[in-house]
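The structure appears right after this line, and notes come after that.
Computed from the coordinates by the stated procedures, all read-outs in this text should not be read as laboratory data. Just so it is clear, the structure is predicted and the values come from calculations on it, not from any experiment. Please note: Cβ atoms are built from the backbone with ideal geometry, for glycine as well, and neighbour counts cover all protein chains shown.
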């Protein structure tokens, strides 16, 4: 399944002093995949676009911190 | 020449007086991958780059100043009525000693902005690759600031700015595609 966030599992040592993070996530935004923008991509309405920060739906990739996500931040 | 429109590119709302957050945000004001570096980098590189992409650098460089203005507004609002005590508690005591509550082009560790943050190599591909890298670094910086922030109104503005970094990176990548396009298109190899 295609996703804009990838994960990996860092090594957990037996004597790590901090509580280990088992899974790390990093962002891979849409600009990495689309190449030269093809014609006729789906658009937001002008009003939506002003809020989203882009006119083009395939380029929209909002970022929320875990606190916001817990409160039901919009889906990634 | 520029025409100034007396409004922000995106509304800036701040819920609480929070100098600590201002301190983190300053990274995007006078940091290596901040908006000032971005604006000056692009507007300077455009003199020695093929005609086809000059306009792109002008447009994006100009928009970076609009972002700088948003960041400035955020920092100003976060510290406007902060007392010396509050500034000290946020680790901004030394900033207060020099600047009062004024804004200054420094990074979040207080290191003043320097021109060595930006480069103009005269080679179009080298310059555009630097620009792409700068956009991705700025995007990452916005992510980390959003992670540090507990101000939903502020995060809304930061999310907008991060989205713009993605679009700028996309456009620089397209500029590279334009410049590497085979001239005349009669491919033999």
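Could you state the angle between the C-alpha long axis of helix B:51-79 and the longest principal axis of the C-alpha atoms of chain B, as a value from 0 to 90 degrees rounded to the nearest 10? Result, in degrees: 10.
Projected label points at residue B:2 and residue A:48, each 7 Å from Cα along the beta carbon direction, are separated by 3.2 nanometres.
Per DSSP H run of at least 4 residues, take -39500 (n - 2.57); add these up for chain A, divide by its residues and hand me the 222 nm value, nearest 500 deg cm²/dmol. Mean residue ellipticity at 222 nm (helix-derived): -4500 deg cm²/dmol.
Measuring r between the beta carbons of residue B:180 and residue B:116 and using R0 = 25 Å, the FRET efficiency lands at 0.30. By the beta-carbon count within 10 Å of each Cβ, the least crowded to most crowded order of A:25, B:79, fewest first, is A:25, B:79. Separation of the range B:5-30 from the range B:33-62 is 23 Å, based on Cα centroids.
Measuring r between the beta carbons of residue A:25 and residue B:58 and using R0 = 30 Å, the FRET efficiency lands at 0.25. Could you work out the relative contact order of chain A? I mean the mean sequence separation of Cα pairs under 8 Å and 6+ apart, divided by the number of residues, in percent. For chain A, the relative contact order is 24 percent. The separation of the range B:127-189 from the range A:14-42, counted between C-alpha centres, amounts to 14 Å.
Computed over chain B, the percent of Cα pairs more than 20 Å apart is 56. Compared with the dominant Cα axis of chain B, that is its longest principal axis, helix B:35-45 is turned about 30°. Here B:96, B:142, A:5, B:4 are placed in order of increasing Cβ neighbour count within 10 Å, fewest first, which gives B:4, A:5, B:96, B:142. Counting Cβ atoms of other protein chains within 10 Å of each Cβ in B:158-170 and taking the mean gives 6.
Neighbour counts of C-beta atoms inside 10 Å place B:176, B:12, A:12 in the sequence A:12, B:176, B:12, starting with the fewest.
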